[in-house]
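The values are calculated or read from the model by the stated rules, or taken from the named source; none is laboratory data. What you see is a predicted model; the values in this text were computed from it and never measured. Counting neighbours? That spans all protein chains shown, and the Cβs are built from the backbone with ideal geometry, glycine included.
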Amino acid sequence: MLKQLFQGFFRGRRLRPACFHCGEPVLQEVILNFAGESRLLCCHGCASVLQAIAEAGQTAAYLAEKRNRAESGI
Ligand SMILES: [Zn+2]
């Protein structure tokens, strides 16, 4: 009984998509068009960060930074 509950819990966590900006599991979807694509975000806070980056013309720098982090595994 308890074991089944735990299995369900972990399965649920794995199935949740990650926020494009912060990587947290998305509980309430926020969609924002960023760098020409629809991005899935976890909250309006992350959406406003991306909007600020786009307005400042830092989209390319942000994406490059994101790629660097993914490659270095941080
Ligand atoms: Zn987020």
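Points worth noting:
- Near pairs, Cβ below 8 angstrom, 6+ apart or cross-chain, from region 25-46 (acidic (Asp, Glu)) to any residue that is near the ligand (Cβ under 7 Å from one of its atoms): 29/41
- Only residues that are in a loop (DSSP other than H, G, I, E, B) and within 17 Å of residue 69 (Cβ to Cβ) were counted in region 13-22, giving 4.
- Enumeration of residues in region 23-74 that are loosely packed, with under 15 Cβ neighbours inside 10 Å and in a strand (DSSP E or B): 25, 31, 33, 37, 38
Here's the yes/no breakdown for (1) modelled with pLDDT under 95; (2) within 14 Å of the chain's Cα centre (by Cα); (3) within 16 Å of the ligand (Cβ to nearest atom); (4) not aliphatic (A, V, I, L, M):
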| position | (1), (2), (3), (4) |
| --- | --- |
| 8 | yes, no, no, yes |
| 27 | yes, yes, yes, no |
| 30 | no, yes, yes, no |
| 40 | no, yes, yes, no |
| 46 | no, yes, yes, yes |
| 49 | no, yes, yes, no |
| 59 | no, no, no, yes |
